[in-house]
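Working notes, structure below.
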Amino acid sequence: MKRIAFTMVVSAMALVGCKGPVDSNDQQTDGFEYSNERFADLQMLRYKVEGFENLTLKQKTFIYYLSEAALYGRDILYDQNGRYNLRIRYILESIYTNDAVDHESEDFKAMEIYLKRVWFSNGIHHHYGCEKFVPGFSEEWLRDAWAKVDAKEKVSIDIDEICPVIFNPDIMAKRVNLAEGEDLIATSACNYYQGVTQKEAEDFYLAEKAKGDPEHPVMFGMNSRLVKDSDGNIVEKRWVSDGLYGQAITKIVEYLLKARDYAEDELQKSVIDKLVEYYRTGNLHTFDEYSILWVENTKPLVDFTNGFIECYGDPLGLKCSWEAIVNFKDVEATKRTETLSKNAQWFEDNSPVDSRFKKENVKGISAKVINAAILGGDLFPSTAIGINLPNSDWVRKEHGSKSVTIGNLTDAYNKAAGSGMRNEFCYSQEDINMLNKYADITDDLHTDLHECLGHGSGKLLPGVDGDSLKAYGSTIEEARADLFGLYYVADPKLVELGLIPDADAYKAQYYSYMMNGLMTQLVRINLGNNIEEAHMRNRALIAHWCYEKGKADKVVELVKKDGKTFVKINDYEKLRQLFGKLLAEIQRVKSEGDFLGAQKLVETYGVKIDSALHKEVLERYNKLNLAPYKGFINPVYTPVFDKDGKITDVKIDYTETYADQMLRYSHAYRTLPLINE
Ligand code: ZN
């Protein structure tokens, strides 16, 4: 994959491990309703924007305009995820809101769930597993219901073209296919390439790269669709104001410029100016300049990301999906990560990694805890709980990066979490008690270590290409950051720094990590499938490797009790040594660009699933009747204007329902034509 460093630390779903979702009667403590509706494999939550009311009017207004810019890109992601998604969303919403259709029929109810899943995934494929949804309603019913929609509203949609996309399981079966040995472009439904083969795309970008500056390479391909023109030439269609997605980008730019007047300092204004320039030109050097300004702009309380950022949605790892987040600093919690950052060099120097791969000067880690104010694009409704940007390796090396933990989202997961998973999957009551006591703290700390130190640690040997691990790159990178966190969460240094209550607390993280990696994360995979997603592969890799290598000493065991399998950890100190050993090996693989080493590790430990265990885990999990994935409903910001059109206050409200929010977004922030080239 292209990127060395990744944004999405622990994806929202990562938390499932020990902190399973809850049924809605397992409610929270502070009067705020964190859990909301539940459908399919999804649980909707709300997050509280702690401290919004205490911001200044200027800051609130800034957040309001930035949040509008964050919502105007929504259609882009739908189209990136699949070329029919916007049309399918439109068809389903038209039927959903049509009173002439019987809302009580079984087909309608099945369609409602399907539509809610489409909203959740920003398309017709599962947001995590990438497989196409199986509709629970019939094609006949859909055609009939569409026929009842007013002719004027049907625009130029051809239902005959759409039906096979929804109903034929062989068409666009996977959004992103990473299976070895197939043409990954031909077999992936995402809309990043048209009419080109994987080989052609790879050759195209190899040639582009060869023309570029090897010391400061731009992220080739990140902001365009690769197509063949009418003469058969391979060309990029850029996502810019006057290009592809131009209608959406124009609105985003309009609101960024409105926000600009309320920026907190001059540097932040220039960050916005640079981003706007990039959105207008599509110039990737401008994007790097923007990233540098953004990294350096650490003073303001309010910050934001808005753009083409993550490459997980492209099987070749080049094209970036659109996403946005607006946030502001949580001053108290930030002290925690600042403590880690201040000591970054100590952690680097004392890690078990070979000294050749260590950074002499770890710099530029700006760690903070933020509260999300709005989520958009590929961060919504399913989201990350930490961010580490920018992705450009040389920018990170020369200018540093920003690492954040999104405190109010983590908090919402914790508050909504129930005890079901722990009670079912922990080996002993002692383990359950340990997790109840420490897991929230150690989980946060592990995320901080992963983000603030893990991704920023280590270096490539001179001459090693950051892309050399190819499709294994993201798994290896996430494993590296996770292992850094696992190794250090047990270090007495953390007690000394006052970050962890006592020397035993780390065991909660070790237990929940091993239980997740060996067993409970399997709840998110259908029986018969392999592990595909990079974060999940990384967790399986770490857990299985340590299980294997510690087998002789019985460090970690899988034991049977009453016919059920449990993870039992016998020797926490030895487990820490194994984490350290694997960290050293993974860093070596990365630093040397050892593709075969990466392939062997990932394919041996991170991909395959023991089907008997998988079946058992699913059965036990299904009995708990929990939702494996969670996502968020955004709050609603309503500005109060005076008679001159100036904002005098911004109100925040948490009562909008999921469906109302989605329908409102589809209406108010609809920017792209339904039939996009
Ligand atoms: Zn990460």
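For the chain, what's the relative contact order in percent, using C-alpha pairs closer than 8 Å and at least 6 residues apart? Mind dumping the intermediate values first?
Details: 1248 pairs, mean separation 153.1, N = 677.
23 percent.
Within a Cβ distance under 15 Å of residue 354, other residues only, what is the Lys/Arg minus Asp/Glu net charge? Write out the running numbers ahead of the final one.
Working: positive: 356, 358, 359, 459, 480, 581, 588, 590; negative: 348, 349, 360, 585, 592, 594.
Charge balance in the 15 Å sphere: +2.
What net charge do the residues around residue 553 carry, taking every other residue with its C-beta under 14 Å from that of residue 553, with Lys and Arg at +1 and Asp and Glu at -1? Don't skip to the end; give the middle numbers.
Details: positive: 549, 551, 554, 568, 574, 576, 581; negative: 548, 557, 571, 573.
Here the count lands on +3.
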For this session: Determine, for 618, 71, the number of other Cβ atoms within 10 Å of each Cβ, and report the residues in order from fewest to most.
Result: 618, 71
Exercise. Once label points are set 7 Å from the Cα along Cα→Cβ at both residue 561 and residue 657, what is their separation, rounded to one decimal in nm?
Worked result: 4.3
Problem set entry | Cut-off 11 Å between beta-carbons: net charge of the residues surrounding residue 77, Lys and Arg +1, Asp and Glu -1 | -4
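Given a Förster radius of 25 Å and the C-beta distance between residue 549 and residue 342 as r, what FRET efficiency does 1/(1 + (r/R0)^6) yield to the nearest 0.05?
Once rounded, the FRET efficiency stands at 0.15.
Based on other C-beta atoms within 10 Å, arrange 398, 585 from fewest to most. Can you show the working numbers first?
On the way: 398 14, 585 19.
Final ranking by Cβ density, sparse to dense: 398, 585.
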Seminar exercise, completed: In deg cm²/dmol, rounded to the nearest 500, the helical mean residue ellipticity at 222 nm of the chain, built from -39500 (n - 2.57) for every DSSP H run of length 4 or more, is -13500 deg cm²/dmol
Problem set entry | Filter on 549/574; 299/397; 58/269; 561/615 - keep pairs with C-alpha separation over 18 Å | 299/397
Seminar exercise, completed: Ranked on Cβ counts within 10 Å of their own Cβ, fewest leading, 588, 396 go 588, 396
Problem set entry | Shape call, the chain: gyration tensor on alpha carbons, a/c limit 1.5 | rounded
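Values quoted throughout were computed directly from the atomic coordinates according to the rules given, and no laboratory measurement underlies them. Please read these numbers as outputs of a predicted model, since none were measured by experiment. Using ideal geometry, Cβ is built from the backbone for each residue, glycine included, and neighbour counts are taken over all protein chains shown.
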